[in-house]
Amino acid sequence: AGYLVASSEILRDVPYDPFLPYIFMGEEIILSARLWTSGYDIFSPTFSVLGHHWAMLSKGFNKPKFWESLHRTFTFGVHDPLEAMVIHRVKMQLGYPESARDMVKPKTVFTAVDQYSMGTVRPLEDYMKSVGIDVTTKEITYTAWCETGATPPGFEKYNHLYEN
């Protein structure tokens, strides 16, 4: 998910959800929310340490993105409906009302979802507040700590890890 460096032990505690095939939109937030609610602290560099080339095959570049390669493996048009189902699964786990279990069909989207959902060490509501997302009002709050490299609220015990 983006830039993740950790011991492989996290995969025992918080295994990847096998019911999120070809996930793109939502990968970072669902994994970070599951890790955080399972008791893992998340840190990010205050400056870019790596990057990648980002250009689409359709724009004349010769390196296909995974959704473009889906058309080669299956048939054209497979990615969008698959992504829509995956997004419902992610949004339900994050508490979006429009993706509640009784609002989404097919119900198979939620196969074994409890096995691959949030941890029990910290509440999801605290995570969503710290990252500035309100799923009910669909509002995003500016999180200055993230933009400036400051210590996140509630993590002052880690002040020594942040530049002053």
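The values are calculated or read from the model by the stated rules, or taken from the named source; none is laboratory data. The structure presented is a predicted model; accordingly, all values stated were derived computationally and were not measured. Every residue, glycine among them, receives a Cβ derived from its backbone with ideal geometry; neighbour counts consider all protein chains shown.
If you scan the range 11-30, which residues turn out to be surrounded by 13 or more Cβ atoms within 10 Å (Cβ to Cβ), within 19 Å of residue 114 (Cβ to Cβ) and out of contact with any Gly (no Cβ under 9 Å at 6 or more places or on another chain)? Within the range 11-30, 16, 17, 19, 23, 26, 29, 30 meet the criteria. When the range 107-136 is filtered for residues that are more than 17 Å from residue 90 (Cα to Cα), among the hydroxyl-bearing types (Ser, Thr, Tyr) and modelled with pLDDT under 95, only 130 remains. When residue 162 is tested against (1) closer than 19 Å to residue 31 by Cβ; (2) surrounded by 14 or more Cβ atoms within 10 Å (Cβ to Cβ); (3) not β-branched (Val, Ile, Thr), only condition (1) is not met. The set of residues in the range 113-155 being surrounded by 10 or more Cβ atoms within 10 Å (Cβ to Cβ), among the acidic types (Asp, Glu) and in a helix (DSSP H, G or I) consists of 125, 126.
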